[in-house]
Amino acid sequence: MIARIGMAALALLGACTQRAQQNGSENHLTQPPPISVANEATPAIPPPETGPDARTPLAEPKGPLDPKSAEAAGQVVQHYGALIEEDRWAEAADYWGDKGAAAAFAKDLQSKGLKHLEIGRPGDVEGAAGSSYVTMPVSFYGGSNRSAANVILRRVNEVPGSTEAQRRWHIERIEWLP
């Protein structure tokens with residue numbers, strides 16, 4: 001990080017030197033010497049829960065996500081949150097398995113003035129009777145209001161007769177926490 005700041009400072013100094021030379025003599029332009037950094041590695045992202053404030057973000061996935069993974073379920077919640085922030089309630093409802101439950105929850109959010117979403121780490125994928133479930137802790141907020149909840153996501157496993165839509169993660173329900 002310090003090396004990057006130093007590089008930025010050198011680049012700025014070089015630009016200022018070039019501008020000063022341009023203003024003093026239009027016929028004699030010189031370039032600052034090239035900046036080279038030998039074998040500087042990008043610093044690694046610290047492991048979760050070890051950052052300065054124990055809120056180190058998770059690294060971006062390297063490559064495609066397994067559509068059956070908890071991370072894929074987490075993306076559903078991220079997309080849902082992005083849509084409610086933009087008041088795109090009908091599109092947000094598409095991430096629910098039950099449109100009636102989606103509409104009722106949207107009405108509840110709007111009545112409480114909650115339209116932003118912080119997402120925690122997804123739990124483990126658990127299975128039951130041909131389906132998989134993941135619970136994600138979230139916090140809805142807006143203005144000075146904040147409410148914690150668990151988003152329970154479900155997908156049907158590859159059972160005979162299941163549709164492609166059923167085999168994708170969707171919001172089964174959202175439970176408010178005390």
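Counting other beta carbons within 10 Å of each Cβ, put Ile174, Ile119 in order, fewest first. List each step's numbers first, then the result.
Values: Ile174 21, Ile119 16.
Exposure proxy ranking, most exposed first: Ile119, Ile174.
Roughly what would the spin-label model give for Arg146 and His79, points 7 Å off Cα along C-beta, in nm?
2.9 nm
I need the per residue convex hull volume for segment 70-176, using only the alpha carbons, in cubic angstrom as a whole number. Please list the in-between numbers first.
Working: hull volume 9.7 nm³, N = 107.
Dividing the Cα hull volume of segment 70-176 by its residues yields 91 Å³.
Between Gln166 and Glu71, take the C-beta separation as r, use R0 = 22 Å, and let me know the FRET efficiency to the nearest 0.05. Each step should come with its number before you reach the end.
Numbers: r = 20 Å, r/R0 = 0.90.
Here the calculated transfer efficiency is 0.65.
Readers should treat all values here as calculations from the given coordinates under stated rules, not as data from a laboratory. Keep in mind that this is a model prediction, so the values were computed, not measured. Note that we place each Cβ from the backbone using ideal geometry, even for glycine, and neighbour counts take in every protein chain shown.
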